[in-house]
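In what follows, a single structure is set out as structure tokens and then discussed.
Quick note: the coordinates plus some simple rules give every number you see, no bench work behind them. Everything quoted here is computed from the prediction, not taken from an experiment. With ideal geometry, Cβ positions are generated from the backbone for all residues, glycine too; neighbour counts draw on all protein chains shown.
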Amino acid sequence: MLRARWYKVINDLFGNKTRTLLIVLSMSVGLFALGIILSARTILSDGLAESFATIHPSSGTVRTTELFDEDFIQSVRKMEEVQDVDARRNISARVQTASGEWKNITIFVVADYDDIRVNKVASQSGAWPPPEREILIERAALSVIEAQVGDVVLVRFPNDVERRVRIAGSAYDPAQLPAQIDGTPYGYITFDTLKWFGEPYGFNELHVIATHPENKDWAQQVVNRVKDKAEKSGYTIPMSMTAEPGQLPMDDVLQGILLLMGLLGVLSLFLSIFLVVNTVSALLTQQKRQIGVMKAVGGSTLQILGMYLVMVLAYGVMALLLAIPFGAYGARELSSVLAVFFNFDIYSMDIPQQTYLIQAAVGLILPVLASLVPFISSLRISAAEAMSSYTMGRGRFGKNWIDQLLSGANLWFMRNLSIRSILLSVRNTFRNKGRLTLTLVTLTLGSATFISVFNVRASLTSTVEDMIKWFNCDVMLTFDRTYRADRVEFDALSVPGVAQTDVWIQLPTRFVRSDDSESGMVYMFAPTVHAESLIVSPTIAEGRWLMPGDDNAVVVPSAFLQDEPELHLGGDMMLKLDGKKHTFKIVGTYVGMAFLPLVYTNYDYITQITNRVGEADALMVKMERHDPAYVDAATRALEDHFERIGVRVSMVSTINNERTEAEASFDAIVALLLVMAILLALVGGLGLMGTMSINVLERTREIGVLRAIGAPNRGVALVFILEGVVIGLMSWAMGGLVAIPMSQGLNQALGQAVMGVPLTYSYSMPGLWLWLFIVVLLSVLASFIPARNASSLTVREVLAYE
Amino acid sequence: MQESNSHPNLHKPGSDQTGKSFGHLVDLREVVKTYHSSAGTFTALKGVDLKVESGAFVSIIGKSGSGKSTLINIITGIDKPTSGEIIVDGIPVHEFNEEQVAVWRGQSVGVIFQFFQLLPTLTAVENILLAMDYGGHYHRIERPDQAMHLLELVGMAEHAHHLPSALSGGQQQCVAIARALANNPVLLTADEPTGNLDSKSTEMVFRLFENLAVSGKTILMVTHDNELAERAQRTIRLVDGRIQDEFGNR
């Protein structure tokens, strides 16, 4: 038989179902958000690692200019330090999309699709291996080329052979950058199909796994040894690179997102704690009178404490029963979306145990701890005081300067305005300052996160603009080899629409360290440097940009100096060009991508030391007009012209496309962040709803008085809706301020992860105004239901309310 | 049903031989109020007939549970009768829904509670102005002056800008009375208005009621204090939900 006091606990829990529901919902929303973020983070991290392990990732890639055969592969496979090696043919071709646009496409030719030993590619749908004269497209790339399995696409090889090829199926190749992110689709064909395109048999890309692939330094040494072996065998190496051990190509970005998710997880943990503390405090404030009664009839502190702790635990258990399954569902959905975006498979959707433990701790232990503070304060007052009905409602107003400012004669000048109900709302807001603080903290964090996400988006756009503004041109054309610079410039200028041209030369190079070891591939861009140059200085971090008279000056990405500690501004840098070492002087560093190091030197000097004087392999073109339609049309005309005169263009990039693609890839990241920000905002909104509901419950008597003095339904509801809006507006203003450092932190984290440097800071005013609109809407909605409930109470009910 | 003419001093102004009322501000006809709860059914009012003429100062007395608060709540529309009719100033209040009755009450009735029930975040004058905003009896330009006038009437002008928490119980009840007068209502009701006051404050508040009665306000006041009740013009005694007797005091 239960003791009587436990009946009270049960009756309190189930007697006031609305209050129980509100408290349980408030608590469970925070726990739900926490569960989603914690679980999704683990599912994605584990999924990424597992997904990557299954493909036998390469330690590095070595590309050759000349083709090699199986004998060379076997000879590399025999190297002691090489665990395994596989080879492919890598072809930069072009494909025509359904809309008629030509896009670059990388086509891999694999000898045996059932025996891919390194960077495994798997069948996703349709035929496997690709039938002769047909192609497989990487699953993430189908949307990029606007095609589906079964469609026929026109493919143009660098040898100008064009063939209509049927897409026989889709493949899954997680070793490549997802096509929707870098804009480059991937296709897979057999050597028979290659022959059909008029290309000879042979490989040009080695994928190497070192004996200790987890050791990056060792892996790099092994890749260098393979590259040396290739060079000794007479092959030219235009590119080699070492991968980060155990990391997919987009790992940096995903890690950045996971880091942000972790930060948001911590934030939602705080939000959950605030929600829990808020609701439990409010519950105990409501029960103060009953505590007084129990004390009056002889209840000991321990007995009463025990009752309320059990009650609070019961709320926690109910909240967890809701939050755990919904959180797990949400985490799985979010993980699936992210996995599709980053193009990897998730093998296990198991929810990590630590998520349950953290949720349980937040849901059970924190409410108990939170309830101790208000409980102890309620113990301090006498039973008589606790039971007193002398004052109406709870919370004190008039105690501090804010209250003084808002009350009394200070606002008498507004006496002719019918603002009493507004005053009532505004002052009620400040009545229970503890609860207001908790609600504000919750909602402010939500606001700040939302605004920060928009700031990150604005900063990403600014960063893209910063990078693109280096290029004062509309189109960049890359040729399959070097041509005479004056000839290609002259030919280009003869095409209608072309206003100005400039040339540069680009070379693969490697940094040679003092111990004679070599870095991975570094791209050297050598633009012409003069007053009308179409490439202007990138954003210089330190030092200066190139000058016309510079000889061996080089400008390097600042992130590269972090990776190579022996390099410093003003110091020397030895670079290997065409197998020969040359010493350059670092005159400046610029803000740029970390994972694709580009160094800039003077065109005249480089062409001189590499015997390419007067030659160029890239052309920058400025059109007469810069709108995308005009640029695209003029570019097509230019390509056609070059084709007619035998100048082979291997790649075309318009600045508009580059910008769109860069922004589109960032937009996807921002969209994901936005989903999480909305989740946090919802937590804040529900927190506000919980607060407003508890305010309504606490002020039930006052509602009766309002109705007794003639307030209509609308009048009663308005008091609470306005109070919610006041809280929303305060959180908006504070969130706007907190967003400044928060978005700087996010910019730092995301920028470092993606580009090695913080993003160019930008504060999004549209984001601020959009959130103002949303927060007002959210506040009205959050207050509307409690307000409607308040207005539907009869006066007798509320005046009888305890 | 308790006959309302059982007292020798009974007077029934405004009614004819058929019992049809004329000139009565409040007219209750066979009002029954029954509450249902898990403990059972309880009938608080058992067919009450009551007429109150305009300008009367009526006190309602009775023991706890006799139905006096229920009666006053029914008259103000705070509670609804189970059966019967309530006509106030010619308006059938029992036909109103909760929204309509709130608006009517704001315009026509001033309600005074035992625990004052001033809104704690509004100053004395703002509490009155809020009622004026809802009632809309005065033009908004007139309201501040009218509110100050009412505070002067109850002797609280110097406390106009004080929050209720800075006022004594008696002072709060004076402000509550001023608030009840905010829209110049035809009827004032008060449920134990001095029940929570000391004797000095009780006297101060009761004098206010007396002055209001002299000035022609119709007042219905529930009290448990027989001495105070006798200072009203007319006293109604409720016993077990019926009017047991009714007598004029002066």
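Centre-to-centre separation between the Cα atoms of segment A:722-736 and those of segment A:74-111: 56 Å.
Restricting segment A:533-615 to GluC sites (Glu not before Pro) that sit in a DSSP loop and have at most 13 other Cβ atoms within 10 Å of their own Cβ leaves A:Glu566.
Listed by Cβ neighbour count within 10 Å, with the fewest neighbours leading, A:Thr429, A:Thr539 appear as A:Thr539, A:Thr429. Entry note, chain A: the mean residue ellipticity at 222 nm calculated from DSSP H runs of n ≥ 4, each adding -39500 (n - 2.57), is -17500 deg cm²/dmol after division by the residues and rounding to the nearest 500. By the rule of a C-alpha distance below 20 Å, with chain neighbours fewer than 8 residues away ignored, the lysines paired with A:Lys17 are A:Lys8, A:Lys288. The ranking of A:Ser783, B:Ser66 from fewest to most other beta carbons within 10 Å of each one's beta carbon is B:Ser66, A:Ser783. With a cut-off of 19 Å, note down the residues of segment A:563-585 whose backbone N falls inside the zone around a label point 7 Å from the Cα of A:Asn611 toward its beta carbon. Hits in segment A:563-585 for A:Asn611 at 19 Å: A:576-583.
Local charge sum around A:Glu566 (other residues, Cβ-Cβ under 11 Å, Lys/Arg +1, Asp/Glu -1)? That works out to -3. If contacts are Cα pairs under 8 angstrom and at least 6 residues apart, what is the relative contact order of segment B:119-250 in percent? Averaging sequence separation for qualifying contacts and normalising by length gives 20 percent for segment B:119-250.
The order of A:Tyr356, A:Tyr308, going from fewest to most other C-beta atoms within 10 Å of their C-beta, is A:Tyr356, A:Tyr308. Expressed as a whole percent, the proportion of Cα-Cα pairs in chain A lying more than 48 Å apart is 36%.
Remark: chain A carries a charge dipole of roughly 5720 debye about the Cα centre, counting +1 on each Lys and Arg Cβ and -1 on each Asp and Glu Cβ. Listed by chain and number, the lysines whose alpha-carbon sits under 18 Å from that of B:Lys217, ignoring those within fewer than 8 places in the same chain, are B:Lys51. Full extension of the chain segment joining A:Tyr523 with A:Ser92 gains 153.4 nm, where the gain is 0.36 nm per residue of separation less the Cα-Cα distance. Looking at the square roots a ≥ b ≥ c of the eigenvalues of the Cα gyration tensor of segment A:600-644, which shape do they give, rounded for a/c under 1.5, prolate if a/b is larger than b/c, or oblate? Oblate shape, in that a/c is at least 1.5 and b/c is the bigger or equal ratio. Between A:Glu50 and A:Gln303, the distance separating the two model label sites (each 7 Å from Cα on the Cα→Cβ line) works out to 5.4 nm. Residues whose amide H falls under 5 Å from that of B:Gly47, counting only those 5 or more places apart or on a different chain, are B:Val31, B:Val32, B:Lys33, with hydrogens built in the peptide plane. With a cut-off of 19 Å on the backbone N, the residues of segment A:596-623 near the modelled label site 7 Å out from A:Met547 along Cα-Cβ are A:600-606. Once backbone amide H atoms are built at 1.01 Å from N, B:Leu220 has B:Val58, B:Leu188, B:Thr189, B:Ala190 as its partners under 5 Å, excluding neighbours fewer than 5 places away on the same chain. Among rounded, prolate and oblate, which fits segment B:197-250 when a ≥ b ≥ c are the square roots of the eigenvalues of its C-alpha gyration tensor, a/c under 1.5 means rounded, and a/b larger than b/c means prolate? Oblate, since a/c reaches 1.5 and b/c is not below a/b. Classify segment A:549-631: rounded, prolate or oblate, from the alpha-carbon gyration tensor (a ≥ b ≥ c, eigenvalue square roots; a/c under 1.5 rounded; otherwise prolate if a/b is larger than b/c)? Note, shape of segment A:549-631 comes out oblate. Extension gain, A:Val152 to A:His626, is 167.4 nm, computed as 0.36 nm per intervening residue step minus the present C-alpha separation. Helices of chain A meeting both criteria, an alpha-carbon length of 30 angstrom or more along the long axis and an average Kyte-Doolittle score not below 0.0, with helices taken as full DSSP H segments, are A:17-53, A:251-286, A:301-342, A:433-468, A:655-698, A:713-755, A:765-792.
Scalar couplings 3J(HN,Hα) for segment A:124-138, obtained by applying the Karplus form with A = 6.51, B = -1.76, C = 1.60 to θ = phi - 60°, are 10, 7, x, 6, 7, x, x, x, 4, 6, 10, 9, 9, 10, 4 Hz; x denotes Gly and Pro. Among the trypsin sites (Lys or Arg not before Pro) within segment B:16-111, those in coil by DSSP and having at most 14 neighbouring Cβ atoms inside 10 Å are B:Lys20, B:Lys63. Peptide A:227-237 shows a mean partner chain C-beta count of 0 within 10 Å per residue C-beta. Each Lys or Arg adds one and each Asp or Glu takes one away; over the other residues whose Cβ falls under 14 Å from the Cβ of B:His159, this sums to -2.
Charge tally around A:Ala331: other residues with Cβ under 15 Å, Lys/Arg +1 each, Asp/Glu -1 each, net -1.
Treating r as the C-beta distance of B:Asn226 and B:Lys200 and R0 as 25 Å, the FRET efficiency rounds to 0.80.
Amide H contacts for A:Phe471 (H built 1.01 Å from N in the peptide plane; partners 5 or more residues away or on another chain; cut-off under 5 Å): A:Val536.
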